[in-house]
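Worksheet for the structure shown next.
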Amino acid sequence: MHNTLTRVQNVFGFFTSVAFAAAAAIAISVLLSPQAPTASLELRSVQVVKGRPHYYSTKREEYAHIKFDLDADLTTLFNWNTKQIFLYITASYPSSDPSTIPPSEAVIWDAIIPSNYAPWHQNTYIHPTPKATTKVKKTAKKGKKEIGKAYPAGAQPGIIKLDGQKPKYQITDVSSKIADRSNATLTLHWNIQPWVGALVWTNTKTVGRWQGLQGGEAKFNFPPLKGTEVKKDELKTETGGERNRGSPA
Amino acid sequence: MDALLDEARTIWEGEIDFKGQRLVEFLTYTLLTISGLLAFLVGFSTQDIYRTLYIGLAGTALTFLICVPPWPFYNWNPLPWLPAKTMKGGGAQLQGISIEVDGRKIS
């Protein structure tokens, strides 16, 4: 501590220790905030058709297009250390030989739900406005462009109300055959991304003050293959905010 | 020129006395610990992590400001050098001053 340089080094060195200790305390403090997530996930429709599911697909194969209803209250996942949550829905179905081959799992929809404190980012999710209120919105839209939020108007982060939501991704099987499979499950998952600390995935069991997720599952069967009677409009997918990434094509 | 360089080196090195060193060490640890604790407690009680960040950074900036420059109060107890032995009088000035090294009297 006898000259300026050593004082700078000592102060900065101890600052890093304090910063680490504070960060560790923050990371642990999230265990104190109670969580009670609930969700109701239901299948709206599922269709299996044959074609090229993506622009870059090299072969025609069977793919499934799954629509769903989701009504979730995940507000308790947002505590002071939550930056954003990554929310996703998977469809999983058992393999042909469940004793040796694990079930297949594929994501059909996902969204990044930022906390109110997170800085704006173009990739974050914009919650669709419920149909009843769209007419009122249109008159107000003339003034300035409203920035969409990741939750319905008047709610808070973690509230999701989706009615007949289109998937973001159609799903295919490695065997190119996905029709007529039974015992499939739609499941809601999340990943809490904190400002500092550990990533936390969906918990279905109660741990301490964190209650497990109530609901968020729906059983269904894949229907038989359909032909050209399915309209193209019926098979459209949702695009997320991430379509803006990179330079515009 | 040499005098100017000496002065520049003194400012750059910013040396402080022994009691000042003890004081600056105490201040560094106390101020940073308090600002860290305060940052966490305020942020936790208001559930706003930005407050933790800014209080922590402000406390650190304050600590740097207080502890790094050689403020005058770190130099209130300088230890005086002994007069040089080659001075006129053959070290007569050393009379009456006892110097001990490891318990042995040297002069």
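Computed from the coordinates by the stated procedures, all read-outs in this text should not be read as laboratory data. These numbers come from a predicted model, not from an experiment. Neighbour counts are summed over all protein chains in view; Cβ atoms, including those assigned to glycine, are modelled from backbone coordinates with ideal geometry.
A few notes on this one:
- Loop sites in region A:6-88: trypsin sites (Lys or Arg not before Pro), DSSP, at most 15 other Cβ within 10 Å: A:Lys59, A:Arg60
- For region A:200-246, the list of trypsin sites (Lys or Arg not before Pro) that fall in a loop by DSSP and count at most 12 other C-beta atoms within 10 angstrom reads A:Lys205, A:Lys231, A:Lys236, A:Arg245.
- Two-site FRET efficiency, A:Asp180 against A:Ser40, from Cβ-Cβ distance with R₀ of 35 Å, rounded to 0.05: 0.80
- Within chain A, the longest run free of exposed loop sites, counting chymotrypsin sites (Phe, Trp or Tyr not before Pro) that sit outside DSSP helix and strand states (H, G, I, E, B) and have at most 15 other Cβ atoms within 10 Å, spans A:121-249.
- Per-selection metrics, chain A (Cα): Rg and Dmax in Å: 22.7, 85
- With at most 16 neighbouring Cβ atoms within 10 Å, loop trypsin sites (Lys or Arg not before Pro) (DSSP) excluded, longest segment of chain B: B:1-84
- Rg then Dmax, both in Å and based on the Cα atoms of chain B: 22.7, 74.
- FRET efficiency for the pair B:Leu5 and B:Leu65, taken as 1/(1 + (r/R0)^6) with r the Cβ-Cβ distance and R0 = 30 Å, rounds to 0.65.
- Sites A:Ser57 and A:Ile126 - FRET efficiency at Förster radius 35 Å, r taken between beta-carbons, to 0.05: 0.80
- Helix axis angle, A:4-29 relative to chain A longest principal axis, alpha carbon, degrees: 40 degrees
- Checking the Cα-Cα distances for A:Lys161/A:Lys231; A:Lys59/A:Lys161; A:Lys67/A:Lys205; A:Lys177/A:Lys205 against a 32 Å cut-off, the pairs over it are A:Lys59/A:Lys161; A:Lys177/A:Lys205.
- Cα centroid separation - region B:1-77 against region A:102-126, whole Å: 43 Å
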